[in-house]
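The values are calculated or read from the model by the stated rules, or taken from the named source; none is laboratory data. Note that the structure is predicted; figures quoted are calculated from it, not measured. What goes into the accessible areas is simple: the full protein's heavy atoms, side chains included, and nothing from ligands, DNA or RNA. Shrake-Rupley method; radii C 1.70, N 1.55, O 1.52, S 1.80 Å.
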Amino acid sequence: MKIGSLEEHYKLELVQFYDSEEAKWLFSLAAEQVLNLSRSKLMMAKDMEINFIDQQKLLSILNDLQIGKPIQHILAEAHFYGLVFNVDGNVLIPRPETEELVDWIISVCSKKFSVNGLASSKAQSILDIGTGSGCIPITLKKYLPNAKVSTLDVSPQAIAVAKQNANKIGVEINFKEADILTFRSEEKFDIIVSNPPYIRHLEKDDMHHNVLVHEPHLALFVSDDNPLLFYKAISAFAQTNLKPGGQLYFEINEYLGKETIEMLEDKGFINIELRQDMQGKDRMIRAGV
């Protein structure tokens, strides 16, 4: 079978689950890994014959997609901010809105910690809360190499995945297994960032079946009656553990921007800024002390 024919087969077999462009993207991800061809080379190789073994691998991936398994779990990797992370069922799949949050921090830090356009020798101290795959702390360390980056998570399984990713990408991160609801520390930070659980159970009906079945609920959901549980705990921690002039960054529930801002104001944070993601949803907040 030729590459182009198998791509069309993907589109046909996945029509109940994905539109044509999504199916094409899924095929390209699968083919990149199986055939070891870049996306641009795939586009130029529609008439290339696929050997039997690789064809069976790609058909097996298609079968997994048809039963709802995320492509990132099938391939055991996810692309994030130009890097490739190992992922499995113990961690959330990194998402584009989190890339936007990371880009915001990198942009601010690159300007704040530079002198006359040159990198400053002053090391930034960053704490990420809720490690997951490690996509936030590892990416920050990769693009802000002078920073001292720490991260914590309540899940030892998530930390294990994140440590693999740190080794794979070649950055040094200080990992700690801890629950932010009870965690205490004397260490001070320039930046604290978190993408904590924020989806209320009442929002489950709006979620894709794949997410509900295949991603860890521990990292997704909070109770309907206390949806800002983790934001309150992290903000309280930041009040005592941010350095003067330090900043707190959150990824937030798109429906709870107003409530999150009010909570931060009540705790005395200043210069609070709410940002929308590329889809126009309230998704990120920055606050200072």
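Heads up, I need the accessible area for Phe230: 1.4 angstrom probe, whole protein in place, Å², nearest 10.
Spelled out: Phe230, probe radius 1.4 Å, area about 40 Å².
Based solely on its DSSP helices, what 222 nm [θ] is calculated for the chain when runs of n ≥ 4 H residues each add -39,500 (n - 2.57) and the sum is averaged over all residues, nearest 500 deg cm²/dmol?
-12500 deg cm²/dmol
Round to a whole number: what % of the accessible area of the chain belongs to carbon and sulfur, probe 1.4 Å?
About 51 percent, which is the carbon plus sulfur part of the accessible surface.
Give the cross-link partners of Lys232 among the lysines, using a straight C-alpha distance below 21 Å as the criterion and excluding same-chain residues fewer than 8 apart.
Leaving aside lysines fewer than 8 places away in the same chain, those within reach of Lys232 are Lys176, Lys188, Lys243, Lys258, Lys267.
Please compute the alpha carbon radius of gyration of the chain, then divide it by the globular-protein estimate 2.2 N^0.38 Å. Two decimals is fine.
Taking the Cα Rg and dividing by 2.2 N^0.38 Å, one obtains 1.09.
Tell me the accessible surface of Ser133 in square angstrom (1.4 angstrom probe, heavy atoms of protein chains only), to the nearest ten.
0
Check the straight Cα-Cα distances from Lys41 and name the lysines below 21 Å, setting aside those fewer than 8 residues away within the same chain.
List returned: Lys2, Lys11, Lys24, Lys57.
For the stretch 220-264, what is the accessible area per residue in Å², given a 1.4 Å probe and the full set of protein chains?
In whole numbers, the stretch 220-264 has 37 Å² accessible per residue.
Any idea of the accessible area per residue across the stretch 1-129, 1.4 Å probe, to the nearest Å²?
On a per-residue basis, the stretch 1-129 sits at 52 Å².
From largest accessible area down, sort Glu254, Glu186, Glu262; use a 1.4 Å probe on the protein chains.
So, going from the largest accessible area down, we get Glu186, Glu262, Glu254.
How much length would be gained if the chain were fully extended between Asp225 and Ile270, taking 0.36 nm per residue of separation minus their Cα-Cα distance, in nm to one decimal?
13.6 nm
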